[in-house]
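Chemist: Structure incoming, see below.
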Amino acid sequence: MGKNRIRDSLIRKIMNIAVHEMVAKHANRPDASHFLRSEIVEYRTQAEKTAEEYNWNEEDKKHVFEKSLKMMKEKLSLKYADVIFSEQEAIKKLKEIIEETM
């Protein structure tokens, strides 16, 4: 795969990490907590492995951040409408994940 396809794959994985972390933190679903934590670990492992394939510059990171944030908002509003979070918290979470992963 080329760098753009790898980047798109990485965007989805990073977005899923952030979504699952937000849902685990803010949802009133204690029965789903274990499942969400295991999903976070799996997505993080996949994202780190994918990120190792290329060197990522600041422009790449900015693109990943912007696309991930947009996708995250969409997924949370469609699939997890009951989860209430601040946009600042989502931004902070994504930045942390991107720095740790890329």
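The values are calculated or read from the model by the stated rules, or taken from the named source; none is laboratory data. The structure presented is a predicted model; accordingly, all values stated were derived computationally and were not measured. Because the Cβ atoms are built from the backbone with ideal geometry, glycine has one as well, and the counts that use them run over all protein chains shown.
Chemist: Is it the case, given these coordinates, that residue 22 is touching a Phe, Trp or Tyr at 6+ places or on another chain (Cβ under 8 Å) and either surrounded by 16 or more Cβ atoms within 10 Å (Cβ to Cβ) or not in a helix (DSSP H, G or I) (or both)?
Modeler: On the way: touching a Phe, Trp or Tyr at 6+ places or on another chain (Cβ under 8 Å): yes; either surrounded by 16 or more Cβ atoms within 10 Å (Cβ to Cβ) or not in a helix (DSSP H, G or I) (or both): yes.
Judged against the criteria, residue 22 is a match.
Chemist: I'd like to verify a number: residues in the range 60-84 that are surrounded by fewer than 17 Cβ atoms within 10 Å (Cβ to Cβ) and of a type in the set (Phe, Trp, Tyr), how many?
Modeler: The qualifying residues number 0.
Chemist: Of everything in the range 55-91, what is within 15 Å of residue 23 (Cα to Cα), in contact (Cβ under 8 Å) with a residue 12 or more places away in the chain and not in a helix (DSSP H, G or I)? Give them in sequence order.
Modeler: 80, 82, 83, 84, 85
Chemist: Filter the range 25-59 down to the residues that are out of contact with any His (no Cβ under 8 Å at 6 or more places or on another chain) and β-branched (Val, Ile, Thr), then identify the one that is surrounded by the most Cβ atoms within 10 Å (Cβ to Cβ).
Modeler: Going through the qualifying residues, I end up with 50.
Chemist: Still on this structure, please answer the following. Determine which single condition residue 46 fails, assuming it passes every other condition in (1) of a type in the set (S, T, N, Q); (2) within 12 Å of residue 101 (Cα to Cα); (3) assigned to a loop (DSSP other than H, G, I, E, B).
Modeler: Among (1) of a type in the set (S, T, N, Q); (2) within 12 Å of residue 101 (Cα to Cα); (3) assigned to a loop (DSSP other than H, G, I, E, B), residue 46 violates only (3).
Chemist: Restricting to the range 1-19, count the residues that are exposed (fewer than 12 other Cβ atoms within 10 Å of the Cβ) and at pLDDT 90 or above.
Modeler: Residues meeting the conditions: 2.
Chemist: Here is a check on your reading of the model: is residue 101 in contact with a helix residue (DSSP H, G or I) (Cβ under 8 Å, 6 or more places away or on another chain) and modelled with pLDDT of 90 or more?
Modeler: Working: in contact with a helix residue (DSSP H, G or I) (Cβ under 8 Å, 6 or more places away or on another chain): yes; modelled with pLDDT of 90 or more: yes.
Yes: the conditions hold for residue 101.
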